[in-house]
Amino acid sequence: MPEGKLCNKKPVSTREELDALLADSNGRQYYAEMEQLDVDSDALWATIQKTMKSRLKTWLEICAHCGLCADSCFLYTVNEKDPTQVPSYKIQSTLGEIVRRKGKVSNEFMRMCMDTAWSKCTCCNRCGTYCPYGIDMGVMFSYLRGLLHSQGFVPWELKIGSGMHRLFRAQMDVTVEDFVDTCQWMVEEAQEEWPCLEIPIDKEDADIVYMINAREAKHYPEDIVEAAILFHIAGENWTMPSVGWEMTSLAMFAGDWEACKMQVETIYSAMERLRPKRMVATECGHAYRATVIEGPYWAGRPDGKPPVECIHYVEWVAEALETGKLKIDPTKKIKEPVTVQDSCNYVRNAGLRECTRIIMKHIAEDFREMAPCKEHNYCCGGGGGFNGIGRYRKQRNIALKMKREQILATGAKLVVAPCHNCWDAIRDLEEEYQIGIKWSFLKPLLIKMVEVPPHLRPEE
Amino acid sequence: MYALLTGPLLWFSFAVFFIGLGVRVVLYFRGLDWRLDRVAYTTQLPYGLKGAWRSVYKWLIPFGTHSWREKPVFTLAFFVFHIGLVVVPLFLEGHVVMIRNGIGLSWPTLPQGLADFLAIAAFLAGVGIGIRRFALPEVRILTDFKDVALLVLTLTLLASGIMAARHTESYMTWLTLHVLCGHVVLLAAPFTKLAHIALFFCTRIQLGMDFGIKRGGMKTNFDW
Ligand code: SF4
Ligand code: SF4
Ligand code: SF4
């Protein structure tokens, strides 16, 4: 069987196809079909020749095999220093081999590559900063994922995920109506406590357009209301678009570059339509990276920037605290020891290491740094799609061990995780290893601490 | 034999070395592609250059980066090895005289004692790097025949040079071997991993630009 019904080289393009995939429990049929999937070596080699230029070619070629990248990878460390987890080895034995064999590889080999690309690398890009040549395995694995995706060798959940982006421009099946309705009823409920609260949809020329992770609309709408309350207290002139509000990209994890482009163009056209001064991105790492860091290139913007200035939520909070738009009640500061998870995606890969420290200075009495921290912090253990792939749950749970050790070493009882993926990983970490910690996004913490100006105080 | 090796053939090897590496550098930069690499190289050039400069100079300083500091012993061996291989050949009196006789260019030379010291230290560091290659499982798994061959070649080059400088009876044999190895290095450089002599700077510049332009360089400097 060259192509399966569920597992094939074609991306999802209809609701029926998506439903068929969703109906396949744990992707059992999907993975069974994958074992029969043909590799189109010619197409694979043609793609490599077209897309693998100086940078990747030289990286593959000049690696000095010095092994300096070994210890930089948390997956190598937590897997008892298994030599097959050395970043350079992982990429040489997969992408390197495909290139050496000019694309003539077997189905079995491609499945091994898939397992390696999605369960032995979270594309956290830490190794790249430890290699003397600056060889970045995170970048190379992301490229390899693209090749694997084009041949249909992609984990079931991510085939679904990028299918969702293709159909709904969101990682979940949230339609425009669902989204607007959710905002409306959430705000109506909150108005009992916050009489003038609103979530302005599609307001033009606002100061801020706020964009989110679809999971907030689908699973934790209270997050949207918390954002609304904080903007309200800070006196911001803000809005959310009815179309183009979702900034995550499971397609990026899947290596489905075409879907990445579709997703990000939807967001950029919302920016162009509403002409806000700035975009504030919710507390999510990969969403920020997809929309702000990589997105401009998918959309073909030569200056490498989105149409309007984009900032992450931690930047907005730090600014609001420093300028006094938000004031913290000193008696309500966090008293217990607290640490912060630096998300690879907006710290190492976007330079936002200071904002969370500024925030901690305002809200915590006993802030403790992880070691290492800032741009040298390790991945939470669940990045790059790892969290969501059932097939690799065991490996993901092992991967959490590094963060467990880092958190335990701080002695902190609370971990602030302003990133959806990191938040999930730390939740799973507590479930799996029970080290007695709590974890939180910033918004619920801020709401408990912030001083409400008299005119906004709910009537008694 | 010796006369031939240090005469016309030498200039041929130099030509291959410089032209070959030059071509590799040009091809490298021409092959960068802002869309495929996802880095706005030209439109954000000032940020890119700042990032490139930081990325190169931090890595040229011993213990200048987190990575170097994390592996102090290897870092020491690495720098001693490379300083010996770069500084000694450039400033050794014998070499400078040869260049002067050939093309008339001249520059200051190293005292022989210091040159000897640097060369011997480099040789020992190289041996250490070789032992590490086999002793550590994480490096052994990466090692292939070419890695070993290149190391043997450079170590032979160093050892024969050190021996030739001793002026013992077998002086001429060592010198011939030394010159021969020198030729192999010059000729092989553009076509093997020795190309890192030039490509190190290229890839470091590229990643520096990547971090300088795209990955936060407009907000903070990356702490290499
Ligand atoms: S640190 Fe860089 S050069 Fe050394 S083995 Fe790893 S990828 Fe190769
Ligand atoms: S990108 Fe991260 S997870 Fe992947 S090999 Fe490098 S350090 Fe390991
Ligand atoms: S989930 Fe968070 S920590 Fe993990 S790779 Fe993504 S951004 Fe980094």
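The values are calculated or read from the model by the stated rules, or taken from the named source; none is laboratory data. Every value quoted in this text rests on a predicted model; they were computed, and no experiment measured them. Because the Cβ atoms are built from the backbone with ideal geometry, glycine has one as well, and the counts that use them run over all protein chains shown. These area figures cover heavy atoms from the full protein model, side chains too; ligands, DNA and RNA do not enter into them. Shrake-Rupley method; radii C 1.70, N 1.55, O 1.52, S 1.80 Å.
Selection of first residues in the stretch A:366-385 that are of a type in the set (Gly, Ala, Ser) and of second residues that are within 16 Å of ligand 2 (Cβ to nearest atom) and assigned to a loop (DSSP other than H, G, I, E, B), restricted to Cβ pairs under 6 Å at least 6 apart or on distinct chains, gives the following pairs, ordered by first then second residue: A:Gly381/A:Leu400; A:Gly383/A:Thr122; A:Gly383/A:Cys124; A:Gly384/A:Thr122; A:Gly384/A:Cys123. Give the stretch A:189-207 a look and list any residue that's open to solvent by 80 Å² or more (accessible area, probe 1.4 Å) and farther than 17 Å from A:Ser242 by Cβ, or say none. If the condition is that a residue be open to solvent by 80 Å² or more (accessible area, probe 1.4 Å) and farther than 17 Å from A:Ser242 by Cβ, then A:Glu189, A:Glu192, A:Glu193, A:Cys196 are the ones that fit.
Out of the residues in the stretch A:33-66 meeting the condition of being among the polar types (S, T, N, Q) and within 14 Å of another protein chain (Cβ to nearest Cβ), tell me which one is surrounded by the most Cβ atoms within 10 Å (Cβ to Cβ). Residue satisfying both the conditions and the ranking: A:Thr58.
Looking only at the stretch B:169-217, filter to residues that are small (Gly, Ala, Ser) and not in a helix (DSSP H, G or I); which one of those is nearest to the other protein chains (Cβ to nearest Cβ)? Steps first, answer last, please.
Restricting attention to the stretch B:169-217, the residues satisfying the condition of being small (Gly, Ala, Ser) are B:170, B:182, B:188-189, B:195, B:198, B:208, B:212, B:216-217.
Next, only the ones that are not in a helix (DSSP H, G or I) stay: B:170, B:216-217.
Working: B:Ser170: 33, B:Gly216: 2, B:Gly217: 7 Å.
Applying the filter and picking the extreme gives B:Gly216.
Considered as a group, the residues in the stretch A:365-385 that are touching a Phe, Trp or Tyr at 6+ places or on another chain (Cβ under 8 Å) and away from every other protein chain (no Cβ under 12 Å) include one that is most open to solvent (accessible area, probe 1.4 Å), and that residue is A:Tyr378. Remark: B:Leu142 falls outside the filter, which requires a residue to be part of a helix (DSSP H, G or I), in contact with a Ser or Thr (Cβ under 7 Å, 6 or more places away or on another chain) and within 12 Å of another protein chain (Cβ to nearest Cβ).
To keep it simple, each residue is scored yes or no on (1) within 16 Å of ligand 2 (Cβ to nearest atom); (2) open to solvent by less than 20 Å² (accessible area, probe 1.4 Å); (3) of a type in the set (Gly, Ala, Ser).
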residue	(1), (2), (3)
A:Trp298	no, no, no
A:Cys310	no, yes, no
A:Glu315	no, no, no
A:Lys335	no, no, no
A:Ser343	yes, yes, yes
A:Tyr346	yes, yes, no
A:Arg357	no, no, no
A:Ile363	no, yes, no
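Within the stretch A:87-112, the set of residues being open to solvent by less than 10 Å² (accessible area, probe 1.4 Å) and under 23 Å from B:Arg140 (Cβ atoms) comprises A:Pro87, A:Ser88, A:Lys90, A:Ile91, A:Thr94, A:Leu95, A:Gly96.
Please give the helices (runs of 4 or more DSSP H) falling wholly within the stretch B:1-92 in which 2 or more residues are farther than 17 Å from B:Asp210 by Cβ and either within 13 Å of chain A (Cβ to nearest Cβ) or of a type in the set (Asp, Glu) (or both). Let's see the steps before the verdict.
Numbers: elements: B:2-6, B:8-30, B:34-37, B:45-60, B:66-70, B:72-91.
Where helices (runs of 4 or more DSSP H) fall fully within the stretch B:1-92 and carry at least 2 residues being farther than 17 Å from B:Asp210 by Cβ and either within 13 Å of chain A (Cβ to nearest Cβ) or of a type in the set (Asp, Glu) (or both), they are B:8-30, B:66-70, B:72-91.
Pairing each residue of the stretch A:349-360 that is free of Cβ contacts under 8 Å to residues at least 60 places away in the same chain and more than 9 Å from chain B (Cβ to nearest Cβ) with any residue that is open to solvent by 10 Å² or more (accessible area, probe 1.4 Å) and not in a helix (DSSP H, G or I), provided the two are 6+ apart or on different chains, yields C-beta distances under 7 Å for A:Met360/A:Phe367. Of the set (1) open to solvent by less than 10 Å² (accessible area, probe 1.4 Å); (2) without any contact (Cβ under 8 Å) to a residue 60 or more places away in the chain, all apply to A:Gly304 but (1).
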